[in-house]
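Worksheet: the structure to be examined is printed underneath.
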Amino acid sequence: LLSKRYFNLITSVIFVSASITYTAVTSTQIWWNFHLIYLIPLILYTFDRGIRDASPKYLFAAAILSAGTLLGNLPYFAPVVAFAFFVFGISVVLFAPKQVSPIIRNFVHRLSIRHILALLIPIVFIALIGIWYLHWQNAVVQYNTGRSTNGATSNVGDFLTYAGYSGFSKYAELISRFSNNLDNVIYGGLLVVPFTIVTILNVRSRISFAFGLTALTLAALSAGTYVSVLFYYFFPLGNLFREIGILSPIVKIFLVFYAGFGFDSFLRVLKARQRFGFSLLPSREKIALLSVPVTVGIICMLTALTLFRIYPAFSFPPWDAPTSNQLFLSNQQIYSALFS
(Lines give C-alpha, C1' and ligand atoms only; values in the text may rest on other atoms or scores of the structure.)
Protein backbone atom coordinates (compact mmCIF):
# COMPACT_ATOMS: atom_id res chain seq x y z
CA LEU A 1 0.00 0.00 0.00
CA LEU A 2 2.74 2.46 0.89
CA SER A 3 4.95 1.63 -2.09
CA LYS A 4 1.97 2.03 -4.44
CA ARG A 5 1.86 5.66 -3.30
CA TYR A 6 5.32 6.27 -4.77
CA PHE A 7 5.90 3.78 -7.61
CA ASN A 8 3.86 3.52 -10.79
CA LEU A 9 5.34 0.19 -11.91
CA ILE A 10 3.84 -2.85 -10.20
CA THR A 11 7.23 -4.59 -10.42
CA SER A 12 8.72 -1.85 -8.21
CA VAL A 13 5.90 -2.31 -5.70
CA ILE A 14 6.58 -6.05 -5.63
CA PHE A 15 10.34 -5.48 -5.26
CA VAL A 16 9.92 -3.26 -2.18
CA SER A 17 7.22 -5.41 -0.55
CA ALA A 18 9.07 -8.67 -1.17
CA SER A 19 12.44 -7.31 -0.03
CA ILE A 20 10.96 -6.42 3.36
CA THR A 21 8.46 -9.24 3.88
CA TYR A 22 10.27 -12.28 2.48
CA THR A 23 13.63 -11.54 4.12
CA ALA A 24 12.23 -11.06 7.64
CA VAL A 25 12.96 -13.81 10.16
CA THR A 26 9.91 -14.02 12.40
CA SER A 27 11.04 -16.87 14.66
CA THR A 28 13.55 -14.80 16.63
CA GLN A 29 11.70 -11.54 17.29
CA ILE A 30 8.01 -12.15 16.71
CA TRP A 31 6.73 -9.11 18.62
CA TRP A 32 9.38 -6.88 17.02
CA ASN A 33 8.32 -7.94 13.53
CA PHE A 34 4.56 -7.70 13.85
CA HIS A 35 4.42 -4.59 16.01
CA LEU A 36 7.05 -2.56 14.20
CA ILE A 37 8.29 -3.96 10.90
CA TYR A 38 4.87 -4.53 9.39
CA LEU A 39 3.04 -1.71 11.16
CA ILE A 40 5.46 1.11 10.30
CA PRO A 41 4.63 1.11 6.55
CA LEU A 42 0.91 0.78 7.33
CA ILE A 43 1.04 3.70 9.76
CA LEU A 44 2.86 5.86 7.21
CA TYR A 45 0.35 4.90 4.50
CA THR A 46 -2.77 5.58 6.58
CA PHE A 47 -1.37 8.85 7.96
CA ASP A 48 -0.46 9.97 4.43
CA ARG A 49 -3.99 9.20 3.23
CA GLY A 50 -5.46 10.88 6.29
CA ILE A 51 -3.58 14.15 5.68
CA ARG A 52 -3.82 14.19 1.85
CA ASP A 53 -7.53 13.32 1.76
CA ALA A 54 -8.40 15.02 5.07
CA SER A 55 -9.96 11.67 5.99
CA PRO A 56 -10.98 11.03 9.61
CA LYS A 57 -11.11 7.25 9.05
CA TYR A 58 -7.51 7.09 7.79
CA LEU A 59 -6.33 9.35 10.62
CA PHE A 60 -8.08 7.02 13.06
CA ALA A 61 -6.43 4.01 11.40
CA ALA A 62 -2.98 5.62 11.67
CA ALA A 63 -3.49 6.51 15.33
CA ILE A 64 -4.98 3.15 16.36
CA LEU A 65 -2.18 1.27 14.57
CA SER A 66 0.30 3.47 16.44
CA ALA A 67 -1.38 2.47 19.69
CA GLY A 68 -1.10 -1.14 18.53
CA THR A 69 2.70 -0.94 18.57
CA LEU A 70 2.47 -0.82 22.38
CA LEU A 71 0.32 -3.93 22.83
CA GLY A 72 2.36 -6.95 23.86
CA ASN A 73 5.51 -4.94 23.27
CA LEU A 74 8.12 -3.34 25.50
CA PRO A 75 7.01 0.27 26.11
CA TYR A 76 10.38 1.88 25.51
CA PHE A 77 10.22 0.97 21.81
CA ALA A 78 7.62 3.75 21.39
CA PRO A 79 10.14 6.65 21.42
CA VAL A 80 12.19 5.00 18.66
CA VAL A 81 9.13 4.53 16.43
CA ALA A 82 8.04 8.10 17.13
CA PHE A 83 11.54 9.32 16.24
CA ALA A 84 11.43 7.44 12.92
CA PHE A 85 8.12 9.11 12.02
CA PHE A 86 9.41 12.49 13.22
CA VAL A 87 12.55 12.30 11.06
CA PHE A 88 10.58 11.14 8.02
CA GLY A 89 8.03 13.93 8.44
CA ILE A 90 10.73 16.58 8.82
CA SER A 91 12.54 15.15 5.78
CA VAL A 92 9.39 15.35 3.62
CA VAL A 93 8.80 18.97 4.64
CA LEU A 94 12.48 19.81 4.12
CA PHE A 95 12.72 18.36 0.61
CA ALA A 96 9.20 19.09 -0.69
CA PRO A 97 7.87 22.23 1.04
CA LYS A 98 5.93 23.45 -2.01
CA GLN A 99 4.14 20.11 -2.33
CA VAL A 100 3.41 19.82 1.40
CA SER A 101 2.05 23.37 1.95
CA PRO A 102 -1.18 23.02 -0.09
CA ILE A 103 -1.87 19.61 1.44
CA ILE A 104 -1.59 21.05 4.96
CA ARG A 105 -3.73 24.09 4.05
CA ASN A 106 -6.42 21.83 2.62
CA PHE A 107 -6.35 19.64 5.73
CA VAL A 108 -6.64 22.64 8.08
CA HIS A 109 -9.48 24.08 5.97
CA ARG A 110 -11.44 20.79 6.19
CA LEU A 111 -10.62 20.11 9.85
CA SER A 112 -13.69 19.16 11.88
CA ILE A 113 -14.72 17.53 15.14
CA ARG A 114 -14.56 14.12 13.41
CA HIS A 115 -10.83 14.55 12.80
CA ILE A 116 -10.28 15.51 16.44
CA LEU A 117 -12.22 12.48 17.70
CA ALA A 118 -10.37 10.22 15.26
CA LEU A 119 -7.10 11.20 16.95
CA LEU A 120 -8.42 11.64 20.48
CA ILE A 121 -9.86 8.14 20.93
CA PRO A 122 -6.59 6.31 20.09
CA ILE A 123 -4.67 8.83 22.24
CA VAL A 124 -6.87 7.81 25.18
CA PHE A 125 -5.96 4.16 24.50
CA ILE A 126 -2.26 5.09 24.38
CA ALA A 127 -2.56 6.97 27.69
CA LEU A 128 -4.32 4.02 29.36
CA ILE A 129 -1.65 1.60 28.13
CA GLY A 130 1.03 3.96 29.46
CA ILE A 131 -0.67 4.21 32.86
CA TRP A 132 -1.00 0.43 33.01
CA TYR A 133 2.70 -0.01 32.33
CA LEU A 134 3.72 2.60 34.91
CA HIS A 135 1.47 1.39 37.73
CA TRP A 136 1.11 -2.36 37.20
CA GLN A 137 4.00 -3.35 34.99
CA ASN A 138 6.70 -0.99 36.21
CA ALA A 139 9.16 -3.90 36.34
CA VAL A 140 8.85 -4.21 32.56
CA VAL A 141 10.29 -0.72 32.13
CA GLN A 142 13.10 -1.19 34.66
CA TYR A 143 13.47 -4.95 34.29
CA ASN A 144 17.25 -4.94 34.59
CA THR A 145 20.08 -3.03 36.19
CA GLY A 146 21.31 0.30 34.96
CA ARG A 147 17.94 2.08 35.06
CA SER A 148 16.63 4.77 37.38
CA THR A 149 13.34 4.43 39.26
CA ASN A 150 11.40 5.95 36.35
CA GLY A 151 12.93 3.48 33.88
CA ALA A 152 15.37 5.91 32.26
CA THR A 153 18.86 4.72 31.35
CA SER A 154 21.27 5.76 34.09
CA ASN A 155 23.92 7.36 31.87
CA VAL A 156 24.63 8.13 28.25
CA GLY A 157 27.60 5.73 28.11
CA ASP A 158 25.37 2.79 29.02
CA PHE A 159 22.79 4.03 26.51
CA LEU A 160 25.34 3.98 23.68
CA THR A 161 26.88 0.59 24.40
CA TYR A 162 24.34 -1.56 26.28
CA ALA A 163 23.10 -3.89 23.52
CA GLY A 164 26.37 -4.01 21.60
CA TYR A 165 26.42 -3.98 17.81
CA SER A 166 27.16 -0.27 17.76
CA GLY A 167 28.91 1.22 14.77
CA PHE A 168 28.06 0.97 11.08
CA SER A 169 29.85 -2.37 10.62
CA LYS A 170 26.63 -4.31 11.24
CA TYR A 171 25.32 -3.08 7.89
CA ALA A 172 28.05 -5.11 6.20
CA GLU A 173 25.42 -7.88 6.27
CA LEU A 174 23.93 -6.17 3.20
CA ILE A 175 27.05 -7.39 1.37
CA SER A 176 28.01 -10.48 3.37
CA ARG A 177 24.36 -11.64 3.37
CA PHE A 178 24.73 -13.01 6.89
CA SER A 179 24.29 -11.46 10.33
CA ASN A 180 25.49 -12.86 13.62
CA ASN A 181 22.97 -10.64 15.43
CA LEU A 182 19.61 -12.39 15.65
CA ASP A 183 17.92 -9.11 16.57
CA ASN A 184 18.61 -7.77 13.07
CA VAL A 185 15.67 -9.65 11.62
CA ILE A 186 15.48 -8.08 8.14
CA TYR A 187 18.15 -8.84 5.56
CA GLY A 188 16.62 -6.93 2.64
CA GLY A 189 17.95 -9.03 -0.20
CA LEU A 190 20.91 -9.16 -2.56
CA LEU A 191 19.59 -6.27 -4.68
CA VAL A 192 19.31 -3.59 -1.98
CA VAL A 193 22.91 -2.39 -2.33
CA PRO A 194 23.04 -2.21 -6.16
CA PHE A 195 19.70 -0.41 -6.43
CA THR A 196 20.63 1.95 -3.61
CA ILE A 197 23.63 2.88 -5.78
CA VAL A 198 21.28 3.41 -8.75
CA THR A 199 19.09 5.70 -6.62
CA ILE A 200 22.10 7.78 -5.61
CA LEU A 201 23.32 8.02 -9.21
CA ASN A 202 20.12 8.49 -11.13
CA VAL A 203 17.13 9.50 -8.97
CA ARG A 204 16.26 13.07 -7.99
CA SER A 205 12.80 12.44 -6.56
CA ARG A 206 12.15 14.59 -3.49
CA ILE A 207 10.34 11.78 -1.65
CA SER A 208 13.31 9.47 -2.33
CA PHE A 209 15.52 12.02 -0.53
CA ALA A 210 13.18 11.81 2.47
CA PHE A 211 13.46 8.00 2.64
CA GLY A 212 17.24 8.19 2.18
CA LEU A 213 17.76 10.83 4.87
CA THR A 214 15.53 8.92 7.30
CA ALA A 215 17.46 5.69 6.70
CA LEU A 216 20.78 7.52 7.19
CA THR A 217 19.62 9.27 10.37
CA LEU A 218 18.27 6.06 11.92
CA ALA A 219 21.48 4.23 10.96
CA ALA A 220 23.46 6.96 12.74
CA LEU A 221 21.20 6.54 15.78
CA SER A 222 21.83 2.79 15.79
CA ALA A 223 25.60 3.26 15.46
CA GLY A 224 26.13 5.20 18.68
CA THR A 225 27.00 8.53 17.03
CA TYR A 226 26.21 12.14 17.96
CA VAL A 227 22.69 11.49 16.65
CA SER A 228 22.33 8.90 19.45
CA VAL A 229 23.51 11.42 22.04
CA LEU A 230 21.05 14.05 20.80
CA PHE A 231 18.26 11.46 20.88
CA TYR A 232 19.19 10.54 24.46
CA TYR A 233 19.19 14.10 25.78
CA PHE A 234 16.58 15.90 23.73
CA PHE A 235 13.99 13.55 22.21
CA PRO A 236 10.99 12.97 24.54
CA LEU A 237 11.50 9.72 26.51
CA GLY A 238 14.51 8.90 24.33
CA ASN A 239 16.52 7.86 27.38
CA LEU A 240 14.11 4.97 28.03
CA PHE A 241 15.46 3.03 25.05
CA ARG A 242 19.01 1.73 25.07
CA GLU A 243 19.06 -1.21 22.63
CA ILE A 244 20.08 1.13 19.82
CA GLY A 245 22.35 -1.52 18.31
CA ILE A 246 19.34 -3.57 17.19
CA LEU A 247 17.59 -0.84 15.17
CA SER A 248 18.74 -2.32 11.87
CA PRO A 249 15.22 -3.60 10.93
CA ILE A 250 13.72 -0.09 11.04
CA VAL A 251 16.67 1.26 9.05
CA LYS A 252 16.20 -1.49 6.46
CA ILE A 253 12.54 -0.54 5.91
CA PHE A 254 13.45 2.97 4.83
CA LEU A 255 16.55 1.79 2.98
CA VAL A 256 14.56 -0.74 0.93
CA PHE A 257 12.09 1.97 -0.05
CA TYR A 258 15.04 4.17 -1.03
CA ALA A 259 16.43 1.33 -3.15
CA GLY A 260 12.97 0.93 -4.66
CA PHE A 261 13.34 4.28 -6.39
CA GLY A 262 16.53 2.96 -7.99
CA PHE A 263 14.75 -0.22 -9.05
CA ASP A 264 11.97 1.85 -10.61
CA SER A 265 14.53 4.06 -12.39
CA PHE A 266 16.50 1.01 -13.58
CA LEU A 267 13.44 -0.49 -15.27
CA ARG A 268 12.68 2.80 -17.00
CA VAL A 269 16.27 3.16 -18.23
CA LEU A 270 16.24 -0.48 -19.38
CA LYS A 271 13.08 0.20 -21.36
CA ALA A 272 14.67 3.33 -22.90
CA ARG A 273 17.75 1.29 -23.82
CA GLN A 274 15.60 -1.24 -25.67
CA ARG A 275 13.88 1.56 -27.56
CA PHE A 276 16.78 3.91 -28.36
CA GLY A 277 19.91 1.80 -27.82
CA PHE A 278 22.58 1.95 -25.15
CA SER A 279 24.80 4.48 -26.96
CA LEU A 280 22.11 7.18 -26.93
CA LEU A 281 21.56 7.06 -23.15
CA PRO A 282 22.99 9.88 -21.01
CA SER A 283 26.26 9.01 -19.25
CA ARG A 284 24.63 9.00 -15.82
CA GLU A 285 22.02 6.48 -16.93
CA LYS A 286 24.69 4.30 -18.56
CA ILE A 287 26.62 4.17 -15.28
CA ALA A 288 23.43 3.43 -13.34
CA LEU A 289 22.55 0.62 -15.73
CA LEU A 290 25.99 -0.99 -15.49
CA SER A 291 26.30 -0.58 -11.71
CA VAL A 292 23.74 -3.32 -10.97
CA PRO A 293 25.46 -6.33 -12.62
CA VAL A 294 28.87 -5.06 -11.47
CA THR A 295 27.78 -4.74 -7.82
CA VAL A 296 25.94 -8.07 -7.79
CA GLY A 297 28.97 -9.72 -9.38
CA ILE A 298 31.34 -8.31 -6.74
CA ILE A 299 29.10 -9.46 -3.88
CA CYS A 300 28.76 -12.96 -5.35
CA MET A 301 32.53 -13.15 -5.93
CA LEU A 302 33.29 -12.19 -2.32
CA THR A 303 30.73 -14.71 -1.09
CA ALA A 304 32.26 -17.45 -3.26
CA LEU A 305 35.78 -16.66 -2.02
CA THR A 306 34.60 -17.02 1.57
CA LEU A 307 32.38 -20.03 0.91
CA PHE A 308 35.18 -22.06 -0.70
CA ARG A 309 37.77 -20.88 1.88
CA ILE A 310 39.90 -19.30 -0.85
CA TYR A 311 40.05 -15.94 0.90
CA PRO A 312 38.29 -14.79 4.10
CA ALA A 313 36.42 -11.90 2.48
CA PHE A 314 34.03 -11.85 5.45
CA SER A 315 34.84 -12.33 9.10
CA PHE A 316 32.53 -15.35 9.37
CA PRO A 317 31.31 -17.96 6.85
CA PRO A 318 28.05 -16.57 5.38
CA TRP A 319 26.39 -19.96 5.07
CA ASP A 320 26.98 -21.20 8.64
CA ALA A 321 23.73 -21.74 10.51
CA PRO A 322 23.61 -20.50 14.14
CA THR A 323 24.12 -23.14 16.79
CA SER A 324 21.40 -24.12 19.22
CA ASN A 325 23.13 -22.09 21.93
CA GLN A 326 22.80 -18.94 19.80
CA LEU A 327 19.06 -19.28 19.23
CA PHE A 328 16.71 -17.26 21.44
CA LEU A 329 14.06 -19.98 21.48
CA SER A 330 14.37 -23.73 21.21
CA ASN A 331 11.67 -25.65 19.34
CA GLN A 332 10.18 -26.76 22.66
CA GLN A 333 9.93 -23.16 23.90
CA ILE A 334 8.32 -22.03 20.64
CA TYR A 335 5.72 -24.81 20.78
CA SER A 336 4.91 -24.13 24.44
CA ALA A 337 4.58 -20.40 23.73
CA LEU A 338 2.21 -21.02 20.82
CA PHE A 339 0.03 -23.75 22.28
CA SER A 340 0.06 -23.28 26.06
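Tabulated results
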{"read-out": "Number of the exception - residue 54 against (1) more than 25 Å from residue 231 (Cβ to Cβ); (2) open to solvent by 20 Å² or more (accessible area, probe 1.4 Å); (3) at pLDDT below 95", "value": "(2)"}
{"read-out": "Filtered residues of the range 195-206 (kept if in contact (Cβ under 8 Å) with a residue 12 or more places away in the chain, open to solvent by 10 Å² or more (accessible area, probe 1.4 Å) and either polar (S, T, N, Q) or not in a helix (DSSP H, G or I) (or both))", "value": "196, 202, 203, 205"}
{"read-out": "Residue count for the range 229-269, restricted to those that are surrounded by fewer than 16 Cβ atoms within 10 Å (Cβ to Cβ) and of a type in the set (Val, Ile, Thr)", "value": "1"}
{"read-out": "Matching entry among 69, 23, 46 (being surrounded by 14 or more Cβ atoms within 10 Å (Cβ to Cβ) and touching a strand residue (DSSP E or B) at 6+ places or on another chain (Cβ under 7 Å))", "value": "23"}
{"read-out": "Total residues in the range 214-230, condition in a helix (DSSP H, G or I) and either modelled with pLDDT under 85 or within 15 Å of residue 166 (Cα to Cα) (or both)", "value": "11"}
{"read-out": "From the options 84, 24, 62, 96, residue that is at pLDDT below 85 and of a type in the set (Gly, Ala, Ser)", "value": "24"}
{"read-out": "Yes/no for residue 281 being buried (at least 16 other Cβ atoms within 10 Å of the Cβ) and either modelled with pLDDT of 90 or more or under 23 Å from residue 19 (Cβ atoms) (or both)", "value": "no"}
{"read-out": "Residue identified as modelled with pLDDT of 75 or more and loosely packed, with under 15 Cβ neighbours inside 10 Å among 272, 321, 304", "value": "304"}
{"read-out": "Some residue of the range 217-228 being surrounded by 19 or more Cβ atoms within 10 Å (Cβ to Cβ) and among the aromatic types (Phe, Trp, Tyr)", "value": "no"}
{"read-out": "Cβ-Cβ under 6 Å pairs, at least 6 apart or on other chains, the range 11-37 side over 14 Å from residue 253 (Cβ atoms), far side modelled with pLDDT under 70 and not in a helix (DSSP H, G or I)", "value": "28/182; 28/328"}
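So that you can scan it fast, the table gives a plain yes or no per residue for (1) open to solvent by 40 Å² or more (accessible area, probe 1.4 Å); (2) β-branched (Val, Ile, Thr); (3) assigned to a helix (DSSP H, G or I):
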position: 164; (1), (2), (3): no, no, no
position: 173; (1), (2), (3): no, no, yes
position: 190; (1), (2), (3): yes, no, no
position: 208; (1), (2), (3): no, no, yes
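The values are calculated or read from the model by the stated rules, or taken from the named source; none is laboratory data. Everything numeric here is computed off the predicted structure, so don't read it as measured data. All Cβ positions, even for glycine, are placed from backbone atoms using ideal geometry, and neighbour counts span all protein chains on display. Ligands, DNA and RNA are stripped out before the accessible areas are found, and what is left, the full protein with its side chains, is counted by its heavy atoms. Shrake-Rupley method; radii C 1.70, N 1.55, O 1.52, S 1.80 Å.
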